[in-house]
Every structure is written in structure tokens, then in C-alpha cells.
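A.B. asks: Starting off with a structure, shown below.
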Amino acid sequence: MASDYSDILEKAYQRTKALNDEGKLATYIPELANVDPDMFGIHMTTTEGLELGNGNYLEKFSLQSIVKVLTLTLAYKILGEKIWGRVGVEPSGTKFDSLILLETNHGIPRNPFENSGAIVICDILISNLNDANKDFLAFVRELSNLPDLNYSEKIASSEKAGGYRNVAMCNFIKSFGNIENDPTEVLDFYFNICSLEMNCQQLAQTFTFLANGGRKLSDQKEIISPSQSKRINALMLTCGFYDESGEFAFKVGLPGKSGVGGGIVALYPHNYAIAVWSPKLNPKGNSYKGMKFLEELTTYSELTIF
Ligand code: GLN
């Protein structure tokens, strides 16, 4: 299987690399526009422990919305099923930073991966942890085996300086009573979580717990239950790419999550987690080449959850 994957990855990598990149860098977070637009890296970690990387897979990038899977994981672990009283499990069919459905849904975000849902999850963590910034970081450090991981002050403050939509969103949700804490505190935490950086290898390794029934691969420690792990995967499949989630399921056929830093992580349960990074984004805010690469990967491997 290992050599199968390595041939497939090489082929998908080379074909995608040769494509004309029609994407554009995210500029609404000024710091994200400072990256080299030609970066392209991929890394797969299999549940058997094989590591396969190519291109710029050891360069760090801003995880942005990919981290929303990890905040959800911690909040779900703490709150259990009660969490779904605060945030829904339906695709939104709207852009990641849309406010439109919050009015009709009385401040209950459609799912935990659009910005509004992730902001509510941040509020839940602040209410349930002693020090959300410190405790969440400790959780991710342990999960990823990266004891030196830190929030990027530069990226968080760059986003904060122009984060008007997220500020509006948080205050709007608060007006419906679905934010318990001070909106400024919630937003500071939200900007911090989005600012975490990893490279493709670290990201793929971190997400193997969702390909391994909720258990961390390196020591088999239970992070969340198998049922919770399946449910998070279901949400990644249906909501991980905002208004392009249907397209991702259609063309790639795996649970996954994107971020405006140009990263995507996807996983094939009981087989592998894979991370890809290429900073230029398509009009839906997902990595142009990242989407193409994963489509090639599952086409050549003929393995999807379907
Ligand atoms: N921090 C970004 C924002 O709130 C995350 C968006 C994303 O990655 N889709 O706009």
C-alpha cells in the first residue's frame, strides 16, 4: 500500500504543480498576503505510521479555519451532546463569513465551521476552561506533539485590525443571547486560534486522530470517542468547505477542512490524513491547487468514503 500511495501522490503532485493557478491570495488579513504565492506542499501520514511528503511540506503556514476542527473537538469533549443546543449541524450554503442566516436562525449558527459557529465554540471554551487561550494551546500542543507551538501575534493582530465582519457577527449573536462572554474576549481568542501555524507534515500528523477512531496515533490515547470522531468527520464532509462542501464531497469524497491560509486537511478513516498547502484561493475561499490535488489523489487511488 505504501508504494501505491507514494506513486499516486507523486503523480497527483506533479500534475497539480503543472496547472496554471487561477487562485488569488487572501488579502483581507494583510499578513496573509505576505506569503510566497508559489508555495505548494503535501504530506500524508497513514494510520500505519508511514510518512510521505513532497514540495514545500516543511514550510509553516497559517492554519486559519482548519483550527476550527480542533476547537470543536475540545468543546465537544467537554460539553458532549449539549453542544448542539448552541450550534447546528447543517451546511450553510453560504460564504464562511456570512451573517445572513443568523437573523432567521435566532443567533444559532448553522454549523461549527463557518465563522459564526466557530465564534460560538470559542465562547463555549471560554466559559468552560480556566484560561481558554492557555488551555486550548496546551490541548493542541499535546495532540500534535509540538510542545513549542504558539499563537502568531503578528497574524492575530493583523486580522484583529480589520476583522469588522467577525466583530459584527459576534455582537449580533450576543444580541440573541448565544454568546455568554464579553465579545472582545471571545474575538481575541478566535483571532488567536486562527493564527496557529503548522507545516503540512505536522498538520497531517495532528489530524490522524480523526482517521483513527478518535485516538491519537502516536500513543493510542483517546482524544474523543469513536462516535464523536465519526460525527466530526461527518461535519467536515458536509460543512468543511462552506458553499463548496457539496463540490468537495462530489469531486474528492473525503471529510476535509480548508482555511484561508491556503491549507486543506482531509482524511480517509482508518487509512490516512493528508495536508496540502497552496496559498492562492478560489472564489469560495478554498485553496485552488489544494482542491485540485485532492481530487487527483482520490481519482487515482480510487479510494473515497463512498
Ligand atoms: N480567520 C479567518 C476569518 O475569520 C478564518 C476564515 C477561513 O479560514 N475561512 O475570516
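A.B. asks: Give the aspartates and glutamates reachable from LYS154 as a straight Cα distance under 12 Å; neighbours fewer than 8 places away on the same chain don't count.
C.D. replies: Reachable aspartates and glutamates: GLU31, GLU197.
A.B. asks: Here's something else I'd like to know. So which aspartates and glutamates pass the test for LYS284, namely a Cα distance under 16 Å, with those fewer than 8 places away in the same chain ruled out?
C.D. replies: Qualifying aspartates and glutamates at Cα under 16 Å: ASP21, GLU22, ASP97, GLU114, ASP243, GLU244, GLU247.
A.B. asks: What list of ³J(HN,Hα) values in whole Hz, one per residue of segment 69-76 in order, does the Karplus curve 6.51 cos²θ - 1.76 cosθ + 1.60 (θ = phi - 60°) give from phi, with Gly and Pro shown as x?
C.D. replies: For segment 69-76, the Karplus curve yields 5, 7, 5, 4, 4, 5, 5, 5 Hz.
A.B. asks: Which listed residue (ILE108, TYR190, GLN202) has the Cα farthest towards the positive end of the charge dipole for segment 84-208, taking +1 on Lys and Arg C-beta and -1 on Asp and Glu C-beta about the Cα centre?
C.D. replies: ILE108
A.B. asks: Once you charge only the Cβ atoms, +1 for Lys and Arg and -1 for Asp and Glu, what is the size of the charge dipole of segment 25-178 about its Cα centre, to the nearest 20 debye?
C.D. replies: 540
A.B. asks: Another question, if that's okay. Please list 159-172, 141-154 highest first by mean number of surrounding beta-carbon atoms within 10 Å per residue.
C.D. replies: 159-172, 141-154
A.B. asks: About the Cα centre, and with charges only on the beta carbon of Lys, Arg (+1) and Asp, Glu (-1), how big is the dipole of the chain? Nearest 20 debye, please.
C.D. replies: Dipole about the Cα centre, nearest 20: 360 debye.
A.B. asks: How large is ³J(HN,Hα), in whole Hz, for each residue of segment 284-301 in order, when computed from phi with the Karplus curve 6.51 cos²θ - 1.76 cosθ + 1.60 and θ = phi - 60°, using x for Gly and Pro?
C.D. replies: Values per residue, Gly and Pro as x: 8, x, 10, 4, 4, 6, x, 5, 5, 4, 5, 5, 4, 4, 6, 5, 6, 7 Hz.
A.B. asks: Let me ask something else about it. Most exposed first by the Cβ proxy, i.e. fewest other Cβ within 10 Å, how do ASP219, ASP182, ASP21 rank?
C.D. replies: Ordered from fewest to most neighbouring Cβ atoms within 10 Å, ASP219, ASP182, ASP21 come out as ASP219, ASP182, ASP21.
A.B. asks: Can you compute the helix-only [θ] at 222 nm over the chain? Use -39500 (n - 2.57) per DSSP H run of at least 4 residues, normalise by all residues, nearest 500 deg cm²/dmol.
C.D. replies: -13500 deg cm²/dmol, from helical runs alone.
A.B. asks: Quick one: dipole size for segment 143-205, taken about the Cα centre, charges +1 on Lys/Arg Cβ and -1 on Asp/Glu Cβ, in debye to the nearest 20.
C.D. replies: Once rounded to the nearest 20, the dipole reads 240 debye.
A.B. asks: Cut-off is 10 Å between beta-carbons; in what order do GLU31, GLU10 appear when sorted fewest neighbours first?
C.D. replies: GLU10, GLU31
A.B. asks: What percent does the relative contact order of segment 94-156 come to when contacts are Cα pairs within less than 8 Å and at least six residues apart?
C.D. replies: About 18 percent, as a whole number.
A.B. asks: Among LEU303, ASN56, LEU217, whose Cα lies farthest out toward the positive end of the dipole of the chain, if unit charges sit on the beta carbon of Lys, Arg (+1) and Asp, Glu (-1)?
C.D. replies: Result: LEU303.
A.B. asks: Under a straight-distance cross-link criterion of Cα-Cα below 18 Å, which lysines are reachable from LYS11, leaving out those fewer than 8 residues away in the same chain?
C.D. replies: LYS11 reaches LYS251, LYS289, LYS292.
A.B. asks: Give the separation of the Cα centroids, segment 98-112 to segment 1-73, in Å.
C.D. replies: 30
A.B. asks: Using Cβ counts within 10 Å as a stand-in for footprinting exposure, how do LYS292, LYS17 rank, fewest first?
C.D. replies: Ordered by Cβ neighbours within 10 Å, fewest first: LYS17, LYS292.
A.B. asks: Which one, PRO226, PHE40, GLN14, is farthest towards the positive end of the dipole of the chain when Lys and Arg carry +1 and Asp and Glu -1 on their Cβ?
C.D. replies: Comparing the listed Cα positions along the dipole, PRO226 ranks first.
A.B. asks: Counting pairs of alpha carbon atoms under 8 Å apart in space and at least six apart in sequence, what relative contact order in percent does segment 73-126 give?
C.D. replies: This gives 36 percent for segment 73-126.
A.B. asks: Continuing with the same structure: Roughly how many Å is it from the Cα centre of segment 139-205 to that of segment 224-261, as a whole number?
C.D. replies: 20
A.B. asks: A further question on this structure: Over segment 3-125, what is the relative contact order in whole percent, taking alpha-carbon pairs under 8 Å and six or more residues apart?
C.D. replies: 17
Taken together, the values in this text are just the output of simple stated rules run on the coordinates, not laboratory data. Predicted, not measured: the structure shown is a model, and the values here were computed from it. Cβ: placed from backbone, ideal geometry, glycine included. Neighbour counts: every protein chain shown.
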